[in-house]
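Some notes on the structure that comes next.
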Amino acid sequence: MNLKNIKTINCNLFSYLFKNIGDLFILMKDLKILFIGDIFAQVGRNLVVKNLTSLIDIHNVDFVVANGENVTHGRSLSLWHYQTLQNAGINVFTMGNHTFFLKEAISLVQEKKNIIRPANYSKLAPGRGSFVFNLKNYQIRITNLLGQTFMPQHVENPFLLLDEIVQKDESDFHFVDFHAEVTAEKIALAWAFDGKITGLLGTHTHVPTSDARLLPKGTFFVSDLGMTGPYDSIIGAKPEPIIHARRTNLPFRLIPATGRGQFCAMVLTLDVKTKKVKTYQQIYQIFA
Ligand SMILES: [Fe+2]
Ligand SMILES: [Fe+2]
């Protein structure tokens with residue numbers, strides 16, 4: 001073997017090692033996930049379209065999960081709006097009690113694997129309640145569950161259903177969007193699965209809570225992410241018809257509010273070695 005051949009071997013070995021060390025570095029790097037609270041109607045959609053790219057850049061976000069149950073006029077998710085928000089940077093949509101308000105949502109949740117509807121709907125309901133996504137060679141499971149207390153729909157027990165999902169789960173990270181009204185129910189589910197899931201993030205009330213924390217066995221928890229939608233509103237809707245309905249006990253029609261917007265979200269840093277949430281940062285930003 002002459003000197004030229006030795007140099008070629010060294011050069012190839014160097015480039016091989018460099019490539020693999022580079023790959024290793026990418027694999028060992030923390031992951032960042034952005035969870036966006038219930039996106040409500042046009043104001044919410046516009047907030048995402050205008051601001052998501054810069055939020056992704058500022059926080060070095062790798063993956064975006066958003067609750068999409070209120071995207072289309074406050075109820076459900078149309079194909080057109082799904083495409084608009086996906087193009088804006090959302091990777092996965094979780095849903096809630098308004099999932100099937102629009103008929104087109106039935107075929108949409110069947111066709112699109114990145115739309116996760118509540119897992120504790122009937123076993124005959126269309127779509128998926130839990131699904132695993134690949135992110136830089138890590139498996140991330142996203143599960144959506146509805147609460148039982150003060151909720152309009154009868155669903156299976158979320159504790160028992162999550163037991164079933166967790167028993168079969170082999171993912172690296174597992175996040176649950178628990179779409180529920182009552183904070184105590186959300187806190188109870190989080191404590192019941194502390195150490196068994198990576199995080200439980202509450203949605204549905206449209207009001208962000210200031211109780212984000214890591215539980216003793218490492219599971220991240222927040223009662224509610226809040227709403228990404230109209231700021232001058234009653235949980236997204238114009239105040240006047242609701243106040244009138246409260247005074248008169250008459251039914252009312254939900255009209256999405258316009259004007260200023262609020263962006264509610266949570267950025268989580270995931271430690272790829274411990275498979276736990278390392279840091280969290282709440283976003284509650286008002287836009288004129
Ligand atoms: Fe909602
Ligand atoms: Fe809801």
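Whether any residue in segment 122-143 is within 16 Å of ligand 1 (Cβ to nearest atom) and either free of Cβ contacts under 8 Å to residues at least 24 places away in the same chain or surrounded by 19 or more Cβ atoms within 10 Å (Cβ to Cβ) (or both) is what I want to check.
no
Among residues belonging to segment 243-256 that are buried (at least 16 other Cβ atoms within 10 Å of the Cβ) and modelled with pLDDT of 95 or more, point out the one that is nearest to G74 (Cα to Cα).
The selected residue is P256.
Looking at (1) surrounded by fewer than 18 Cβ atoms within 10 Å (Cβ to Cβ); (2) within 14 Å of ligand 1 (Cβ to nearest atom); (3) closer than 17 Å to A41 by Cα, which is the one condition that is false for Q153?
Every listed condition holds for Q153 apart from (3).
Collect the residues in segment 34-65 that are more than 16 Å from ligand 1 (Cβ to nearest atom), of a type outside the set (S, T, N, Q) and part of a loop (DSSP other than H, G, I, E, B), keeping them in residue-number order.
Correct list: V61, D62.
In the list G226, G259, G218, which residue meets the criterion of being within 16 Å of ligand 2 (Cβ to nearest atom) and either under 19 Å from the mean Cα position of the chain (by Cα) or surrounded by fewer than 22 Cβ atoms within 10 Å (Cβ to Cβ) (or both)?
G226
Collect the residues in segment 84-100 that are under 16 Å from G74 (Cα atoms) and part of a loop (DSSP other than H, G, I, E, B), keeping them in residue-number order.
M95, G96, N97, H98, T99, F100
The values are calculated or read from the model by the stated rules, or taken from the named source; none is laboratory data. Treat the numbers as computed from the prediction; the structure is a model and nothing was measured. Note: ideal-geometry Cβ built from the backbone for every residue, glycine included; neighbour counts use all protein chains shown.
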